[in-house]
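Please treat every number below as a calculation from the coordinates, not as lab data. None of the values given here were measured: they were computed from a predicted structure. Glycine gets a Cβ as well: all are built from the backbone with ideal geometry, and neighbour counts include every protein chain shown.
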Amino acid sequence: MSTETSLVLFKPDAVAKRLVGPVLARFQVAGFHIRGIKMMQLDEAILHEHYAHITHLESFPVILAFMQQAPVVAVALEGHNAIAVIRNLLGPTDSKAAAPGTIRGDFGETKMINVCHASDSVEAAAVELRRFFKESELFHF
């Protein structure tokens, strides 16, 4: 098992529904340590960078509007095999396909309104963590 750090973004739906605490508690119960956490309003520049792989899609303006409707909470979580374990705890991207007991199965609504974004690889996590956190905002325990 390797220790990894993943970015988890609590999306506007999670913030609006007051789900940050309950969902974060699930990650902590699963053994993850918080290395960094902050609330922020995302601007178009960071969203275009974060979603560069889908900016060409017709649905991108809807995603952009959704991600700007409320602040997000960015969290850096560290633990053994963090990328895979966090994604397993979340369930599939499409909340309608997520099993009960997963975060998206319990709290999500659709493919977009799905509580959290989580890094999908160690490489993506490294890039995403730098996008949302300065090095001085990440702590080791």
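Pop out the ³J(HN,Hα) list for the stretch 91-104 in order, Karplus 6.51 cos²θ - 1.76 cosθ + 1.60 with θ = phi - 60°, rounded to Hz; leave Gly and Pro as x.
So the Karplus estimates, Gly and Pro as x, are x, x, 3, 7, 4, 5, 9, 7, 6, x, x, 7, 4, 6 Hz.
Going by how many other beta carbons lie within 10 Å of each one, how would you line up S59, S6, fewest first?
Going from least to most buried by this count: S59, S6.
To the nearest 20 debye, what is the magnitude of the charge dipole of the stretch 3-136 about its Cα centre, counting +1 on the Cβ of each Lys and Arg and -1 on the Cβ of each Asp and Glu?
Roughly 400 debye for the stretch 3-136.
For the cross-link pairs K38/K96; K111/K134; K17/K111, which exceed 25 Å when the distance is taken from alpha carbon to alpha carbon?
In this structure, K38/K96; K111/K134 lie more than 25 Å apart at Cα.
Please state the shape class of the stretch 14-93: rounded when a/c is under 1.5, otherwise prolate if a/b exceeds b/c and oblate if not, all from the C-alpha gyration tensor.
prolate
Excluding residues on the same chain fewer than 8 positions from K11, give the aspartates and glutamates whose Cα lies under 19 Å from its Cα.
D43, E44, E49, D94, D106, E109, D120, E128
Hey, what do the phi angles of the stretch 40-51 turn into as Karplus ³J(HN,Hα) couplings, whole Hz, using 6.51/-1.76/1.60 and θ = phi - 60°, x for Gly and Pro?
So the Karplus estimates, Gly and Pro as x, are 8, 8, 7, 9, 4, 4, 5, 5, 5, 5, 5, 9 Hz.
For K11, K17, what's the fewest-to-most ordering of other Cβ within 10 Å of each Cβ?
K17, K11
If you average the C-alpha positions of the stretch 6-39 and of the stretch 77-114 separately, how far apart do those two centres end up, in angstrom?
First find each Cα centre; the distance between them is then 12 Å.
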